[in-house]
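Taking it in order: structure first as structure tokens, then the write-up.
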Amino acid sequence: MSCESSLASFDDIVRCAMAAGVRLNATVATAFGCPFEGRIDEDRVIGIVDAYREMGIEGITLADTTGMANPRQLARLVKRTLERLPAAALTLHFHNTRGLGLANVLAAYETGVRRFDAALGGLGGCPFAPGS
């Protein structure tokens, strides 16, 4: 399924959920790099963020699904994202695949992000993404 068709299907789900009074948080998976496509263009990520906001989604998570992010890259993307939504609505999800997990958290914190998705005790991982 393409990203575009996924967003179209997701829009239908969002409308049903919102009609039932459900508040939603949506994730942009592999926002910093993909094990299948490699580097992800920031404009593509911002386009998905914009689509989520147009659907009325309040909270958005940018996920470094396979641990490809670095502090400079994520700071740039986070700053662009924060032009579109308040910091309180943004969550970040990192993996420590290359030992940059905490450095990425610090870089995100310095840009104003205060919400982080985390796993403890060795739990987590991503069964569909090689190397995560």
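Since every read-out is calculated from the coordinates, none of them should be taken as a lab result. The structure presented is a predicted model; accordingly, all values stated were derived computationally and were not measured. Here the Cβ positions follow ideal geometry from the backbone for every residue, glycine too, while neighbour counts run over all protein chains shown.
Ordered by the count of other Cβ atoms within 10 Å of each Cβ, fewest first, Met55, Met18, Met68, Met1 give Met1, Met18, Met55, Met68. When +1 charges are put on Lys and Arg Cβ atoms and -1 charges on Asp and Glu Cβ atoms, the dipole computed for the chain relative to its Cα centre reaches about 400 debye. Around the amide H of Thr91, modelled in the peptide plane, lie the amide H atoms of Ile60, Thr61, Leu62, all under 5 Å away and 5 or more residues distant in sequence or on another chain.
Residues Cys16, Cys34 in ascending order of nearby Cβ atoms (within 10 Å, fewest first): Cys16, Cys34.
Restricting the calculation to Cα atoms, the chain yields a radius of gyration followed by a Dmax of 14.5, 42 Å. Going by neighbour counts of Cβ atoms within 10 Å, the residues Leu106, Leu77 line up, fewest first, as Leu106, Leu77. Applying the Karplus relation 6.51 cos²θ - 1.76 cosθ + 1.60 with θ = phi - 60° to the stretch 38-50 yields 3J(HN,Hα) values of x, 4, 9, 5, 4, 4, 5, 4, 4, x, 5, 4, 4 Hz, where x marks Gly and Pro. Which residue, chosen from Ala63, Gly21, Phe94, occupies the Cα position most advanced towards the positive end of the dipole of the chain, where the dipole is computed from +1 (Lys, Arg) and -1 (Asp, Glu) charges on Cβ about the Cα centre? The Cα lying farthest towards the positive end belongs to Phe94.
Where both bridge residues fall in the chain, DSSP classifies roughly 10% of the beta bridges as antiparallel.
When only the Cβ of Lys, Arg, Asp and Glu is charged (+1, +1, -1, -1), the dipole of the stretch 30-74 relative to its Cα centre reaches about 160 debye. With θ taken as phi - 60° and the Karplus curve 6.51 cos²θ - 1.76 cosθ + 1.60 applied, the whole-hertz 3J(HN,Hα) list for the stretch 99-109 is x, 10, x, 5, 4, 5, 4, 4, 4, 5, 4 Hz, x standing for glycine and proline.
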